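Contents: one structure, followed by commentary.
The values are calculated or read from the model by the stated rules, or taken from the named source; none is laboratory data. Being a predicted model, the structure only gives us computed values, none of them experimental. Positions of Cβ are generated from backbone atoms using ideal geometry, with glycine treated the same way; all protein chains shown enter the neighbour counts.
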Amino acid sequence: MVSGEWTVEAIVRATLPVLCVLTLIEIGSGMVLHGFEATLVQYPTLLVLVPVVIGTAGNLGSMLASRLSTALHLGTLTFGTNALLVGHVLGTILLAGTLFPAVGAGAWLLTSVIGSPTLGLGRVLIVATLSGVVLALVVVIVTVSATYIAYRRRADPDDVVIPTVTNVCDVLGVLVLFAVAQLVV
Amino acid sequence: MSVRGVAATVYREGVGALGVSSVGSLLAGSLLGGLETELQRLPGLLVLVPALLATRGNVYGSLGARLATALQQGLLTPTLRSHDRRLYNALVAALCTGLFTSVFAAVATVVVLWLLNAAVAPASLVAVSFLAGLASGIVLSATVTGVVFVGYRRGLNPDTLVGPVVTTTGDVFGMMFLYLAARVVLAW
């Protein structure tokens, strides 16, 4: 078992190459933000939403990945029409469906308290919920496939899957948020 | 367990932690709004923000997941008093990779912006990255280890705790130390 080798060198060697690749992907996400800087300054609610939408989607993914990984280590999970797998996917989508509207309301409230909101509550709710649901579907697909690939290649899912999922969510989160914002705002 | 039973467990164990972490991310979002001046005085900083926040989540999320799995496999005891060599190795490895990745992100940002002929402050960006990476690394490794150990001892599922705790504290501390590092470098 890979997780048995806990030397500094082994852990660094297992994680650093992935981290460097993911960092380059994140720079891509940063360039998207850079390109949207004018829109972000115009609608501060969107700026507040950026870490929240990305963070919540990333949380859902890493929670799902972490649970699946432990189930694999313990030997209770098999891929296929498995009640454990389907239940995890369903629970994750339900969580997204209830959390994202709340996140939108929170972002609207926060910008109302701090300064003048330039976006109405209804629009913020639609932006948050729509980007949340789209992202949740992406999260589930990416997490389950990444865990499956890591498992098939006999890599430790703990090392590979969570970084992949959170970073895909970051880049796609920024893109999805702005695509939805362009449609709604 | 049935599909419905598993889904209900996932929901029940996740909703509290995710709710709390959303509040944390909202705070990070308002901190991002407060960085306006620094973003203008340090061109390239906005490009670096997702990479630095993600590095916090990646490195310390991986550390948390590693500790959670090891606890459940019985390879690790949830106490600092045992002076477990494995625990120290995992912490040192996380700090080293976190620092290296932060500096790498700054260098990559400088190169990309330089290739695009955009305004960029090379030395300041690397310095901000290094300082923010060091400070948040120390705080986050302590937080992650503490939460996973205490949570496990209290009978909570450490896997459910890791993601939300790391993303919340990673976002809030990451943004806070990024802000402080930017102020320190600008005042230099």
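Within the set A:L19, A:L68, the sole residue that is surrounded by 14 or more Cβ atoms within 10 Å (Cβ to Cβ), within 28 Å of B:A108 (Cβ to Cβ) and in contact (Cβ under 8 Å) with a residue 24 or more places away in the chain turns out to be A:L19. Restricting attention to the range B:8-37, the residues being surrounded by 15 or more Cβ atoms within 10 Å (Cβ to Cβ), under 14 Å from A:E37 (Cα atoms) and more than 7 Å from every other protein chain (Cβ to nearest Cβ) number 1. Looking across the range A:97-141, just one residue is in contact with a Phe, Trp or Tyr (Cβ under 9 Å, 6 or more places away or on another chain), part of a loop (DSSP other than H, G, I, E, B) and without any contact (Cβ under 8 Å) to a residue 60 or more places away in the chain, and that is A:G120.
For B:D171, indicate whether it is touching a residue at least 60 places away in the same chain (Cβ under 8 Å), within 12 Å of chain A (Cβ to nearest Cβ) and under 19 Å from B:T79 (Cα atoms).
Details: touching a residue at least 60 places away in the same chain (Cβ under 8 Å): yes; within 12 Å of chain A (Cβ to nearest Cβ): yes; under 19 Å from B:T79 (Cα atoms): no.
Criteria not met by B:D171.
Counting just the residues of the range A:1-16 that are at pLDDT 80 or above and more than 7 Å from chain B (Cβ to nearest Cβ), which one comes out surrounded by the most Cβ atoms within 10 Å (Cβ to Cβ)? Don't jump to the end; show me each part of the working.
At the first step, the residues of the range A:1-16 found to be at pLDDT 80 or above are A:6-16.
Still in the list and also more than 7 Å from chain B (Cβ to nearest Cβ): A:9-10, A:13-14.
Details: A:E9: 10, A:A10: 14, A:R13: 13, A:A14: 21.
The residue in question is A:A14.
Tell me, please, whether a residue that is of a type in the set (S, T, Y), part of a helix (DSSP H, G or I), under 11 Å from the mean Cα position of the chain (by Cα) and away from every other protein chain (no Cβ under 14 Å) can be found in the range B:140-149. Give the derivation first.
Restricting attention to the range B:140-149, the residues satisfying the condition of being of a type in the set (S, T, Y) are B:141, B:143, B:145.
Now restrict to residues that are part of a helix (DSSP H, G or I): B:141, B:143, B:145.
Subsequent filtering for residues that are under 11 Å from the mean Cα position of the chain (by Cα) retains B:141, B:143.
Of the ones still in play, those that are also away from every other protein chain (no Cβ under 14 Å) are B:143.
Scanning the range B:140-149 turns up at least one residue that is of a type in the set (S, T, Y), part of a helix (DSSP H, G or I), under 11 Å from the mean Cα position of the chain (by Cα) and away from every other protein chain (no Cβ under 14 Å).
Within the range B:39-63, the set of residues being more than 9 Å from chain A (Cβ to nearest Cβ) and either within 22 Å of B:W114 (Cα to Cα) or among the polar types (S, T, N, Q) (or both) comprises B:Q40, B:R41, B:L42, B:P43, B:L45.
Against the test of being in contact with a Cys (Cβ under 9 Å, 6 or more places away or on another chain), closer than 23 Å to A:P157 by Cα, crowded, with 19+ Cβ neighbours inside 10 Å and within 7 Å of chain A (Cβ to nearest Cβ), the options B:T101, B:T69 yield a single qualifying residue, B:T101. Taken over the range A:64-84, residues that are farther than 28 Å from B:V59 by Cβ and part of a helix (DSSP H, G or I) amount to 2.
Under the condition of being more than 12 Å from chain B (Cβ to nearest Cβ), hydrophobic (A, V, I, L, M, F, W, C) and over 21 Å from the mean Cα position of the chain (by Cα), the residues counted in the range A:98-126 number 2.
Scanning the range B:78-92 for residues that are surrounded by 15 or more Cβ atoms within 10 Å (Cβ to Cβ) and assigned to a loop (DSSP other than H, G, I, E, B) yields a total of 2.
The rows are residues; the columns are (1) within 17 Å of B:G57 (Cα to Cα); (2) under 12 Å from the mean Cα position of the chain (by Cα).
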| site | (1), (2) |
| --- | --- |
| A:A128 | no, no |
| A:V133 | no, yes |
| A:Y151 | no, no |
| A:A155 | no, no |
| A:V160 | yes, no |
| A:N167 | yes, yes |
| A:V176 | no, yes |
| A:A179 | no, no |
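Scan the range A:142-152 and tell me whether some residue there is more than 10 Å from chain B (Cβ to nearest Cβ), among the charged types (D, E, K, R) and in a helix (DSSP H, G or I). Checked the range A:142-152: at least one residue is more than 10 Å from chain B (Cβ to nearest Cβ), among the charged types (D, E, K, R) and in a helix (DSSP H, G or I). Scanning the range A:92-132 for residues that are within 18 Å of B:L31 (Cβ to Cβ), surrounded by fewer than 18 Cβ atoms within 10 Å (Cβ to Cβ) and either out of contact with any helix residue (DSSP H, G or I) (no Cβ under 7 Å at 6 or more places or on another chain) or among the β-branched types (V, I, T) (or both) yields A:L109, A:S112, A:V113, A:I114. In the range B:149-171 there is at least one residue matching the filter, namely being among the acidic types (D, E) and under 21 Å from B:V47 (Cβ atoms).
Quickly run through the range A:35-59 and pick out the residues that are aliphatic (A, V, I, L, M) and within 20 Å of the chain's Cα centre (by Cα). A:L46, A:L47, A:V48, A:L49, A:V50, A:V52, A:V53, A:I54, A:A57 - these are the residues of the range A:35-59 that are aliphatic (A, V, I, L, M) and within 20 Å of the chain's Cα centre (by Cα). When A:G61, A:G28, A:G91 are checked against the criterion of being part of a helix (DSSP H, G or I) and facing chain B (nearest Cβ under 7 Å), a single residue qualifies: A:G91.
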